[in-house]
Amino acid sequence: MGTVTIGVSIAVPEPHGSRLQQLRAGFGDAAAHGIPTHVTLLPPTEVDEAALPAVESHLAEVAAAGRPFPMRLSGTGTFRPLSPVVYVRIVEGAEACTWLQKQVRDASGPVARELQFPYHPHVTVAHGIDEAAMDRAFEELADYEAEWPCTGFALYEQGPDGVWRKLREFPFGGPVVPPQTGSVEQDSLPTR
């Protein structure tokens, strides 16, 4: 077994996710189609493949302690000149994202790590493209609005082709409530 590159993020749901992904590609960001639209909780991190079960167990614990929260995006921001990124701002849900990423990167956990920059939750819409295209992304999405209830996060792995693929979802609040027994006999319930 070797190492794998993983990331943990909150997916931006449809129809918002694919719309922002298409816009990102339209601004000339070649990586757009390989990166699902998301809010990062753990940036790309190399781990031993053998450590994945421990990572999943840790993430399940973090999710169990989490609760759904409203997420709202509005307008744009940029990290330029520090980093060549234009993003859609999170105007509601940022505190919950900050709490979650701290739990994910907890010093006692399997993916403890320092960040290159202070954590600032956002949705990237342009990264590493020419300045004129960055300006266009910043201006065209200045009035962008989206909102949804955030109910969990997911673990992703970056393939050798550079594409990020979801490995597992982690819904908030622990296990699903088991089916209630009543007048319906258990063996007559449909199986999944």
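The values are calculated or read from the model by the stated rules, or taken from the named source; none is laboratory data. Computed from a prediction, not measured in an experiment: that's the story for all the values here. Glycine also receives a Cβ, built like all others from the backbone with ideal geometry; neighbour counts cover every protein chain displayed.
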Selection within the stretch 99-118 - farther than 14 Å from V55 by Cα and surrounded by fewer than 16 Cβ atoms within 10 Å (Cβ to Cβ) | W99, K102, E114, L115, Q116, F117, P118
Report yes if some residue within the stretch 143-150 is assigned to a loop (DSSP other than H, G, I, E, B), farther than 21 Å from P171 by Cα and in contact (Cβ under 8 Å) with a residue 40 or more places away in the chain; otherwise report no.
-> yes
Out of the stretch 88-123, which residues are among the hydrophobic types (A, V, I, L, M, F, W, C), within 14 Å of G7 (Cα to Cα), touching a residue at least 12 places away in the same chain (Cβ under 8 Å) and not in a helix (DSSP H, G or I)?
-> V111, L115
Restricting attention to the stretch 120-153, which residues are at pLDDT 95 or above, among the small types (G, A, S) and surrounded by fewer than 21 Cβ atoms within 10 Å (Cβ to Cβ)?
-> A132, A133, A142, A146, G152
Go through the residues of the stretch 9-23 one by one and say whether even a single one is closer than 25 Å to T151 by Cα, of a type in the set (A, V, I, L, M, F, W, C) and assigned to a loop (DSSP other than H, G, I, E, B).
-> yes
